[in-house]
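Accompanying notes for the structure given below.
Bear in mind these aren't lab numbers, they're just calculated from the coordinates by the rules spelled out. It should be emphasised that the depicted structure is a prediction, and the values quoted were computed from it without experimental measurement. Here the Cβ positions follow ideal geometry from the backbone for every residue, glycine too, while neighbour counts run over all protein chains shown.
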Amino acid sequence: MKYTINKMVVYNSSDGTLLSIDDAIGMITLTRVTSELLLLLIKKNNIPINRDTILSELWDKKGLSSSSNNLNNYVSMLRKALAQCGCLDYNTTLPKYGLIFNAEFLIIA
């Protein structure tokens with residue numbers, strides 16, 4: 001499925017890619033976990049998600065071991081990728097809780 005985020009970037013969840021609308025940069029391919037993190041944040045747009053829920057969804061439910069340090073690294077990678085596309089400050093850390101994603105997005109058929 002494809003999503004337009006803030007009319008600036010197209011995210012393709014099937015192949016984990018980001019592409020800016022104005023094509024100012026080339027296509028960015030996210031890692032599997034980074035892509036799954038972005039998809040989870042889009043699905044929970046404007047809803048705070050606690051760290052334990054994110055760790056469970058992205059690692060524990062798949063039989064993988066999770067850690068807060070891993071999550072921090074993937075959040076950082078996601079922020080950098082979104083920033084390259086011009087999307088700044090949409091992925092906010094809620095201290096001692098988790099994350100919230102505040103963006104306008106549209107599903108592209």
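On a 0 to 90 degree scale, rounded to 10, what angle separates helix 68-84 from the longest Cα axis of the chain?
For helix 68-84, the angle is close to 10 degrees.
Listed highest first by mean packing, meaning other Cβ atoms within 10 Å per residue, what order do 9-15, 87-93 come in?
Values: 9-15: 16.7, 87-93: 14.7.
So the peptides 9-15, 87-93, ranked by packing, come out 9-15, 87-93.
Given Cβ point charges of +1 (Lys, Arg) and -1 (Asp, Glu) and nothing else, what value in debye, to the nearest 20, does the dipole of the chain about its Cα centre take? List each step's numbers first, then the result.
Working: 11 positive and 9 negative charges, 48 e Å.
Dipole about the Cα centre, nearest 20: 240 debye.
Which far-off residues, 5 or more places away or on another chain, put their amide H under 5 Å from the one on PHE105, with H placed in the peptide plane?
Under 5 Å from the amide H of PHE105 lie the amide H atoms of ASN6, each far enough along the sequence or on another chain.
Sketch the reach of a paramagnetic label on LYS7 as a point 7 Å from Cα along Cα-to-Cβ, and name the residues of the stretch 94-109 whose backbone nitrogen lies under 18 Å away.
The answer is 102-109.
What distance in nm separates the simple spin-label points at SER68 and TYR97, each placed 7 Å from Cα in the Cβ direction?
1.7
Name the most mobile residue of ARG79, ARG51, ARG32, meaning the one with the largest mean-square fluctuation, in a Gaussian network model of the chain with Cα contacts below 10 Å.
Maximum among the listed residues: ARG32.
Hey, what do the phi angles of the stretch 97-105 turn into as Karplus ³J(HN,Hα) couplings, whole Hz, using 6.51/-1.76/1.60 and θ = phi - 60°, x for Gly and Pro?
These are the phi-based 3J(HN,Hα) values: 9, x, 9, 9, 10, 10, 8, 9, 9 Hz.
Note the full-extension length gain between THR53 and LYS80 as 0.36 nm times their separation in residues minus their Cα-Cα distance, in nm to one decimal.
On the way: separation 27, 0.36 × 27 = 9.72 nm, distance 2.25 nm.
My answer for the length gained is 7.5 nm.
Could you tell me which of LEU94, ASN12, LEU30 has its Cα farthest along the dipole of the chain towards the positive end, charges placed at Cβ (Lys, Arg +1; Asp, Glu -1), taken about the Cα centre?
LEU94
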